[in-house]
Structures are given as structure tokens and as C-alpha cells.
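Okay, structure first, notes after.
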């Protein structure tokens, strides 16, 4: 299965000529928002559902590509090429209360110690991107503690209640790097 690019290449006008400190010297914005997870395993699919909600609620420009990465592995490598920033949205098992939103500033380290099949694949993709010098310095993981990872198409109440807040955090990150995000 290949990733479902739900590119927002005609949405979110980035601030023309602006360069925020978070841009780390980049003269352009080329942002990937990558939603990960298996929507057949309840809360495991929250990353995919978050990027779907992001697209329903906001418009983004050519500077932002939104991708439903599902559970894909190496097929994601081309999406990492020449990015100024990558925002990964995923379920994050960190022994927090279900529904707790977390921000991880070193996703490569986090994914090296995980056991979910898509997380292992993403760790390999990030490792290869590092070797080929295609892993941007600006990469973060925004996630939420899942409650239920059993077979099911719906999110748990705790995750569903905080999904909108997670999307708002993605928008705040985009704005912090200089993307002007517009509500629909």
C-alpha cells in the first residue's frame, strides 16, 4: 500500500519573505505533515484521522504537503526529500493517561525504541534519510496516548475528545515556522 498524499498544495499561504527563527536558516518552506497509523485498530489510527481533520478545517499552501502515511514504510522515503520541516502525527505510547497529547522533539530516537510495524518502518526511513542527508533538522512528533489498540474503526472517547486539540497543535507548529494557516 502506498501513502495517500492528500497534498494541500493549493491551501495555506505561507508568509511571503518571512523567515522565523524556527526555520533554522532555511530560505524556503517545504513542510510535510505526515499522519501515521492503522485506522483498523481504533486509537492506532489517530494520526491519520488527525490529518484528515486538519484538511477539513484548514487551508494550506504549496509550502505544506499533508500525507496519510497509514502504516507504510520505505515508500515514505521520497516524501522526506528536500523538506525544511516534517511534522509527524501518530499514536504515542508513553505511559500517560489516554488522550494525553505529547510533543517529541527527537522522533528518530523515539521511533528506534518502538515496536509498532509502521514505527519500525519509519525508524528505518529516518535512518536512511539521515545517511542520504535528506532528514531535515526540523522534525517533530505530535501525538496522543492511545487507550484502545484493538480491532475497531472508532476512536476511544478519550482520544476523540482530544483530537481537535491535537490538530490545533499541528496548526500552531505550522504557524510557528511561518505558515499562514487559514480556517475554512
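Coordinate-derived values only; no laboratory data. Note that the coordinates shown come from a computational prediction; the quantities given were computed from them, not determined experimentally. Glycine also receives a Cβ, built like all others from the backbone with ideal geometry; neighbour counts cover every protein chain displayed.
Translational diffusion coefficient of the stretch 75-184 at 20 °C, 1.002 mPa s, Stokes-Einstein with Kirkwood Rh over Cα pairs, in µm²/s as a whole number.
Numbers: Rh = 15.1 Å.
This corresponds to a translational diffusion coefficient of 142 µm²/s.
Modelled label-to-label distance, residue 28 and residue 160, 7 Å Cα→beta-carbon offset: nm?
Simple spin-label model gives 4.3 nm for this pair.
When ranked by the protection proxy of mean other Cβ atoms within 10 Å per residue, highest first, what sequence do the peptides 140-148, 30-38 form? Display every interim value, and only then the final one.
Working: 140-148: 22.1, 30-38: 25.2.
Peptide ranking by packing, descending: 30-38, 140-148.
Using 7 Å Cα-to-Cβ label points, what is the residue 137/residue 105 separation (nm, one decimal)?
Here the modelled spin labels are 1.4 nm apart.
Which residues in the stretch 49-82 have a backbone N closer than 13 Å to a point placed 7 Å from the Cα of residue 180 along the Cα-to-Cβ line?
Within reach of a label on residue 180, which here means backbone N under 13 Å from a point 7 Å along Cα→Cβ, the stretch 49-82 contributes 60-62.
Have a look at the DSSP beta bridges in the stretch 51-182 and tell me what percent are antiparallel, nearest 5.
DSSP beta bridges in the stretch 51-182 are roughly 40 percent antiparallel.
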